[in-house]
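Just so it is clear, none of the values below were taken in a lab; they were calculated from the coordinates. Note that the structure is predicted; figures quoted are calculated from it, not measured. Quick reminder, even Gly has a Cβ in these numbers, built from the backbone with ideal geometry, and neighbours come from all protein chains shown.
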Amino acid sequence: MSLPRVLVTDDDPAIRELIGELLRRDNLEVLEAANGREALRLVHSSHPALVLLDVSMPELDGWQTLERIRDFSDVPVLMLTAHAGELEKVRGLRAGADDYVTKPFGRQELLARVGALLRRTSSSPAAPDVYEDGYLRIDSSNATVDVLGGPVALTPLELRLLQVLVRHRDQVLARDQILEHVWGDPAASSAQVKLYVGYLRRKLEAAAPHADVPIETVRGFGYRYRSTAAAA
């Protein structure tokens, strides 16, 4: 059985060596990147199960690298930062990070957070390979979406949001439930949910302008995907 692959991204070779040794002792395969551009290349080509990403790097810093990763991948990202303030953590979670560790970090804390993210990823319920109704078709294995036969280009986060809504179709999902399923953090900002539901609706509407988008806002509660409306 292959070992989980973790990408360690830090411009300091001593930190990369330290983290790499810790992870290898914990039976993990380790890839290393000295900068954000190299990290992006390795996420594309090697598909790691987890990315450790330093915030303070020259040229392409951790925030810029995270933003670009989220354009094409939903791989869990653990940020490494020298700043312990709440605003730094909030910024990371809103940008799409899954967790963060403050430097200097304890070795056991780092391993615990890495292990928790890897377990959460491996235990996440898989979406059905193909979902189809009269309006929407999702092919999860190929990460493609079609509306009334026409393709729709979604980011990984938008696709995950749509999959969650469809998996719980005809049920009202509260914002904190959506945050838990999509972002993995029910304490994150609920404004993210409203923002991304809006993105998703606009893309679905643009693909089929004359059809109603079956994602409903239930005021005071949350959102619902109505499969009966979609099939009508």
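Roughly what would the spin-label model give for THR228 and ARG25, points 7 Å off Cα along C-beta, in nm?
5.9 nm
At q = 0.12, 0.16, 0.17 Å⁻¹, what log₁₀ I(q)/I(0) does a Debye calculation on the Cα points of segment 5-123 give, no solvent, two decimals?
These q points yield log10 I(q)/I(0) values of -0.36, -0.67, -0.76.
For segment 130-231, just list the percent of Cα-Cα distances falling in each 10 Å bin from zero outward, please.
That works out to 16, 53, 28, 3, in percent per bin.
So what J values fall out for segment 96-107 if you push phi through Karplus, 6.51 cos²θ - 1.76 cosθ + 1.60 with θ = phi - 60°, rounded to Hz, Gly and Pro as x?
Result, ordered by residue: x, 6, 9, 6, 8, 10, 8, 7, x, 9, x, 4 Hz.
Quick check: pseudo-label points 7 Å beyond the Cα along Cα→Cβ at ALA82 and ARG68, how many nm apart are they?
With each label point 7 Å from Cα toward Cβ, the separation is 2.2 nm.
Using alpha carbon centroids, what distance separates segment 189-203 and segment 130-153, in Å?
Centre-to-centre (Cα) distance: 19 Å.
Quick one: Karplus J couplings for segment 29-35, per residue in order, coefficients 6.51, -1.76, 1.60, θ = phi - 60°, nearest Hz, x for Gly and Pro?
7, 10, 10, 10, 9, 8, 7
For a quick check of your reading of the filter: which chymotrypsin sites (Phe, Trp or Tyr not before Pro) in segment 151-231 sit in a DSSP loop and have no more than 12 other Cβ atoms within 10 Å?
Here the sparse-neighbourhood loop sites are PHE221.
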